[in-house]
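In what follows, a structure is listed as structure tokens, so that the remarks can point back to it.
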Amino acid sequence: MATGGAPRRKAIAVLLSAAAALVFIWAAVSLLPAPQYVLWSSFSSGSGSRGNGPANNGGIDPAQIFLHIPSTDHLRHNLQYYASGTHVAGINTSQALYTKEYFEKQGIDSKIVEYYPWMNYPIDQKVVLFNETTYEIFYKAGLKEDVIPGDDASEDPNNLPAFHGLSANGNVTGKLVYANYGALDDFEALADAGISVKDKIVLVRYGGFLRGLKVKAAAMYGARGVLIYSDPADDGYVKGKVYPDGPWRPESSFQRGSVALIQEYPGDPLTPGYPATKNAPHINPKDAKNINRIPSLPLSYRDAQPLLQALQGYGKNASDINPSWVGGLKSKGVEYWTGPSALDVNLLNKVEYKMTPIQNVIARIKGWEDPERAVIIGNHRDAWCAGASDPSSGSAILLELARAFGELKKLGWRPRRSIILASWDAEEYGLIGSTEWVEENIDWLRANAVGYVNVDAAVGGSTFAAHASPVFKDLLYKVTKQVPYPDSNKTLYDVWLRESLASSSAAPLLAKEHSKDSAVANSVHSPLPQDMQSSGYSSKTPVIPPLGAGSDFTAFMAHAGVSSLHLGFDGDEGAYHSNYDSFARMTAFIDPEMKLHRVVAQVWGLLAIRLADDAVVDFNVVSYARELKHYINELKKHISLQLKKSEKYTTPSSADSMEAIAVKNLRHLRAAQRQLLVNAHLLEHDKRRLRSIYGEDCQMSSRHRRAICLKLRESINDRVSQLERHFIDPEGIPGREWYKHVLVSPGRWMGYGFQLFPAIAEAAEDHDWKKLRQHEKHTAGLIHEAAWFLRDV
Ligand SMILES: *[C@@H]1O[C@H](CO)[C@@H](O)[C@H](O)[C@H]1NC(C)=O
Ligand SMILES: *[C@@H]1O[C@H](CO)[C@@H](O)[C@H](O)[C@H]1NC(C)=O
Ligand SMILES: *[C@@H]1O[C@H](CO)[C@@H](O)[C@H](O)[C@H]1NC(C)=O
Ligand SMILES: *[C@@H]1O[C@H](CO)[C@@H](O)[C@H](O)[C@H]1NC(C)=O
Ligand SMILES: *[C@@H]1O[C@H](CO)[C@@H](O)[C@H](O)[C@H]1NC(C)=O
């Protein structure tokens, strides 16, 4: 596998021992006193009354009362508001103001935080099929989605044409080649068949992995431009009735989206690693590693059909390369051929790049006991179109949570720790609003964040799914057991468990990439675990896979080391990023009575209340240590696979074989995992000690004993909520140093999808066994540090 990062990695290998030393320094630094009130300097800051007891807590059980507050009427009203107009990042400030004012009406301090990222907007887009000698035009793509009578969103004059966020400007012409999903494997298969994509326009279909990587792979093979279409087999008529008769994608519909390379780094392309404030210095756009250099456009299957037909009879019959290359237009008599075509294709993508102000809305309910410590809940607000599901379902719920918390406040309740509500902007372009905010507040977050809970497309279908850091597992199970599932006598947990067990035996959830791009669960180029069942995931609890990089949790988890959780109802993706992701479609096919919206509100709000208000933060570090064992088993499988692949090309010397055996055993990681587990149990023991000797509330008359109790409790809370920070390697993952979490980061060739132990796994993919051992030792060192941190009282 090509990496492009070899020389740099060598340098990093040399630096590893220095890095290990740095880790010690960094760990020491991270224990220094926290920066205070960085975020809230603009608010009145009456000091907290640490340990003064819950006198000002209203004396109520907030969770029980909260569960009854979210109302489907309010949710419907909120959704109708957000989905009533196109709100692409940077062009709808009225929704930011509305959100801020709504929070304030509930009595919650709120402010707009602006950043100035570099983003693009469409000016002129064309796809033309023509004869290069006569210039006779055979076909000009429409690049517009049809108006659907009765669905106002489809006739919004502000709707964008076919366009990719952060795409390259370009006017390119060449013969056409079809390359299936545009995975590296697909381009390799074409090369093996003697078909070059050099100087060609490549036609690929959506699915499997992040769209920006399709463009990157095509560029690596020399293509001039890329057209990405939605094949009906993936989310169109092959799946079922199309909109407006059903939820699936109709013939004129295309999937907008960003082609940013977020596996390099998310956020503003020109301020990597630091906030895009008004006067921030910018790197040269030429040096921005997270954007593609060749133009691309999305297409509907109606627009793709004449292009596929122009390939017919040229190159290889695609089914001879692999039958899986044949898509759903087959039923319309289209044969899939590779080309190159005889006719030429002109692809024009004229876009305007500019620094554009974006608005995060940040609100805070101040904690009474420990106001600096905070749980953050967030969801993005910007959408490619009306975005009823993505993300307005989440935005509607965020407002309803604000109202519910406002109601609790009226009853006198306040959480122990602060709750921050965030409505992010410009997620769609590349997680920009959340990334810039995390970059700006990173020191404060590292010192004070308890956890982050993300919701994006809260209701996209009817299958509940969550991805998370393993510390969240037990808490999420407990909370979902408290939430009733609509029209049944079951809890959300019951339904989730049933679906999770059913789907994990058929297609393991872990192998289903976490992504809004997973219209095709079929993992085209996947180093993902093949079967978590066989490696101990056959639990009696619902599967909660790790986080990749699909939404605003990314900077929290992978950059800052704040334990994160992402949840929502997934499903039919037939309107993803199209004009038809509308209020009309939502209420016709997805959640007519807004009951699933209410379920998400209940889960999300309960999580926030528990994390902010429990005397002892209910994170389970033993779960983390146990899960790590599964991660290591998965890594071992991945390495074995790579070893087999490498043996195909080289006969190993006996020294290499010894190396291989050593590599496979992952001795250092396993020892570190065992240590983490032992110390996690000791921490659980501390929790029990707190409960049995003092009680979690530390309510006792002796001031001395009370002080001891509070100290022990604070230590426990710090240890469970900061464990994740210790998996952050300040050096970063080789080749994409913005990503710093050594246990899980987005995959190099998946984008949204996660990769366990990225540095180690990628050394294996590069067949660099020596580097693999170095990374193994280094990672094990960090895990030992984490274990040591859990014990520190
Ligand atoms: C911004 O959003 C609001 C509410 O959804 C909508 O009424 C308005 O038309 C939108 N503005 C633009 C410029 O799209
Ligand atoms: C794009 O390129 C074509 C052919 O090279 C040329 O005819 C056309 O004018 C160009 N269009 C724009 C908008 O630059
Ligand atoms: C191309 O492959 C398809 C599917 O296997 C087959 O139906 C078709 O006849 C083939 N076309 C030709 C010209 O070989
Ligand atoms: C383009 O037009 C020329 C001149 O009429 C013709 O000879 C050639 O076959 C055409 N090419 C294609 C691919 O149709
Ligand atoms: C729920 O339980 C009640 C009482 O046992 C029963 O009457 C009702 O039909 C049940 N509802 C559903 C949807 O199963």
(Q) Cut-off 15 Å, label point 7 angstrom out along Cα-to-Cβ of D61: give me the residues of segment 456-484 whose amide nitrogen falls inside. (A) 479, 481-484
Q.
Quick check for me: using +1 on Lys/Arg Cβ and -1 on Asp/Glu Cβ, what's the dipole size of the chain about its Cα centre, in debye to the nearest 20?
A. 2280
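Could you give the accessible area per residue of segment 77-213, probe 1.4 Å, as a whole number in Å²?
Values: 5430 Å² over 137 residues.
In whole numbers, segment 77-213 has 40 Å² accessible per residue.
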Q: Based solely on C-alpha atoms, express the radius of gyration and the Dmax of segment 74-131 in angstrom.
A: 17.6, 65
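Pop the C-beta distance of Y274 and K105 into the FRET formula with R0 = 30 Å and round what comes out to the nearest 0.05.
Numbers: r = 34 Å, r/R0 = 1.15.
Efficiency at R0 = 30 Å is approximately 0.30.
Quickly estimate the mean residue ellipticity at 222 nm for the chain, helices only: each DSSP H run with n ≥ 4 gives -39500 (n - 2.57), and the total goes over all residues, rounded to 500.
Working: 22 runs with 284 residues, N = 793.
It comes out at -11500 deg cm²/dmol, rounded to the nearest 500.
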Q) Which of the listed residues, F556, P70, P149, is farthest toward the dipole's positive end in the chain, when Lys, Arg count +1 and Asp, Glu count -1 at the beta-carbon? A) F556
Q | Between segment 418-449 and segment 276-298, the Cα center-to-center distance that results, in Å | A | 20
Q) Given +1 on the Cβ of Lys and Arg, -1 on the Cβ of Asp and Glu, and no further charges, what dipole in debye does segment 621-791 carry about its Cα centre, rounded to the nearest 20? A) 700
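What percent does the relative contact order of segment 118-355 come to when contacts are Cα pairs within less than 8 Å and at least six residues apart? Don't jump to the answer; show the numbers that get you there.
Details: 540 pairs, mean separation 76.8, N = 238.
Dividing the mean separation by the residue count of segment 118-355 yields 32 percent.
Over the chain, what is the relative contact order in percent, taking alpha-carbon pairs closer than 8 angstrom and at least six residues apart?
Values: 1736 pairs, mean separation 142.9, N = 793.
Reported as a whole number, the value is 18 percent.
Provide the per residue accessible area, probe 1.4 Å, for segment 621-791, rounded to a whole number of square angstrom.
Working: 7000 Å² over 171 residues.
On a per-residue basis, segment 621-791 sits at 41 Å².
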Q. Among I639, P734, S702, whose Cα lies farthest out toward the positive end of the dipole of segment 621-791, if unit charges sit on the beta carbon of Lys, Arg (+1) and Asp, Glu (-1)?
A. S702
Q | Residue-wise HN-Hα coupling along segment 734-750, computed from phi with Karplus coefficients 6.51, -1.76, 1.60 (Hz; x: Gly, Pro) | A | x, x, 8, 5, 4, 7, 10, 7, 7, 8, 7, 8, x, x, 4, 10, 10
Q | Angle between the chain longest axis and helix 301-311 axis [Cα atoms, degrees, rounded to 10] | A | 40
Q.
For the chain, take the longest principal axis of its alpha carbons; what is the angle in degrees between that and the long axis of helix 595-613, to the nearest 10 within 0 to 90?
A. 40
Q | Virtual spin-label span in nm between Q312 and E188, 7 Å along Cα→Cβ | A | 3.3
Q) Given the C-alpha centroids of segment 117-133 and segment 238-272, what is the distance between them in whole angstrom? A) 18
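So if I take the alpha carbon set of the chain, get Rg, then get Rh from the Kirkwood formula, what is the Rg over Rh ratio?
On the way: Rg = 26.0 Å, Rh = 27.0 Å.
That ratio equals 0.96.
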Q: Take the Cα of K350, step 7 Å along the line toward its Cβ, and report every residue of segment 87-128 whose backbone nitrogen sits under 15 Å from that point.
A: 121-128
Q. What residues qualify as long-range amide H neighbours of F138, i.e. H under 5 Å apart, gap of 5 or more or another chain, H built at 1.01 Å from N?
A. L129, F130, N131
Q: Enumerate the amide H contacts of V459 below 5 Å, restricted to partners 5 or more residues apart or on another chain; note that Pro and chain-start residues carry no placed amide H.
A: S393, G394, F569
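Classify segment 621-791: rounded, prolate or oblate, from the alpha-carbon gyration tensor (a ≥ b ≥ c, eigenvalue square roots; a/c under 1.5 rounded; otherwise prolate if a/b is larger than b/c)?
Details: a/c = 3.50, a/b = 2.58, b/c = 1.36.
Here segment 621-791 falls in the prolate category.
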Q: Compare the peptides 389-398, 322-331, 283-292 by average per-residue count of other Cβ atoms within 10 angstrom and give them in order, highest first.
A: 389-398, 322-331, 283-292
**Q.** Test item: Cα-centred dipole of segment 568-654, Lys/Arg +1 and Asp/Glu -1 on Cβ, debye
**A.** 640
Q) Normalised by the residues of segment 621-791, what does the relative contact order come to in percent, with Cα pairs under 8 Å and at least six apart? A) 32
Q) How would you classify segment 412-479 from its alpha-carbon gyration tensor, with a ≥ b ≥ c the square roots of the eigenvalues: rounded for a/c under 1.5, else prolate if a/b is greater than b/c, otherwise oblate? A) oblate
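Where Lys and Arg each count +1 and Asp and Glu each count -1, what net charge lies around P730 among other residues with Cβ under 10 Å from its Cβ? Let's see the in-between values first.
Details: positive: K740; negative: D729, E731, E737.
Residues near P730 contribute -2 overall.
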Q.
How large a share of the accessible area of the chain, in percent, is made up of carbon and sulfur atoms when the probe is 1.4 Å and the other protein chains stay in place?
A. 53
(Q) Show me the ranking of peptides 691-697, 762-768, 480-486 by mean Cβ neighbours inside 10 Å, starting with the highest. (A) 762-768, 480-486, 691-697
Q: Would you kindly enumerate the cysteines in the chain that have no other Cys beta-carbon under 4.7 Å from their beta-carbon?
A: C385
Q) Considering only protein heavy atoms, what is the solvent-accessible area of D320 at a probe of 1.4 Å, reported in Å² to the nearest 10? A) 120
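Go ahead and run the numbers for FRET between D245 and K330, Cβ-Cβ distance against an R0 of 22 Å, rounding to 0.05.
Numbers: r = 22 Å, r/R0 = 0.98.
Computed FRET efficiency for D245 and K330: 0.55.
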(Q) Rounded to whole Å, give me the distance from the Cα center of segment 339-363 to that of segment 191-218. (A) 18
Q) Any idea what angle helix 16-29 forms with the longest principal axis of the chain, computed on alpha-carbon atoms, 0 to 90 degrees, nearest 10? A) 40
Q) Between V238 and V616, how many nm apart are label points set 7 Å from Cα along the C-beta direction? A) 5.3
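Given a 1.4 Å probe and heavy atoms of the protein chains only, how would you sort S702, S646, S84, largest accessible area at the top? Working shown, then result.
Details: S702 45, S646 15, S84 85 Å².
Largest accessible area first, the list is S84, S702, S646.
Is segment 323-465 rounded, prolate or oblate when judged by the Cα gyration tensor, a ≥ b ≥ c being the square roots of its eigenvalues, rounded requiring a/c under 1.5 and prolate requiring a/b larger than b/c? Walk me through the numbers on the way to the answer.
Details: a/c = 3.07, a/b = 2.18, b/c = 1.41.
Prolate, since a/c reaches 1.5 and a/b exceeds b/c.
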Q. Looking at the chain, what % of its DSSP beta bridges pair antiparallel, to the nearest 5?
A. 60
**Q.** Selected from L782, V603, N360, residue furthest toward positive end of dipole (the chain; charges at beta carbon)
**A.** L782
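The values are calculated or read from the model by the stated rules, or taken from the named source; none is laboratory data. Here the structure is a predicted model, which means the values were calculated and not measured. So basically every Cβ, Gly included, is an ideal-geometry build from the backbone, and we count neighbours across all protein chains shown. When the accessible area is computed, the model is the full protein with side chains, heavy atoms only, and any ligands, DNA or RNA have been set aside. Shrake-Rupley method; radii C 1.70, N 1.55, O 1.52, S 1.80 Å.
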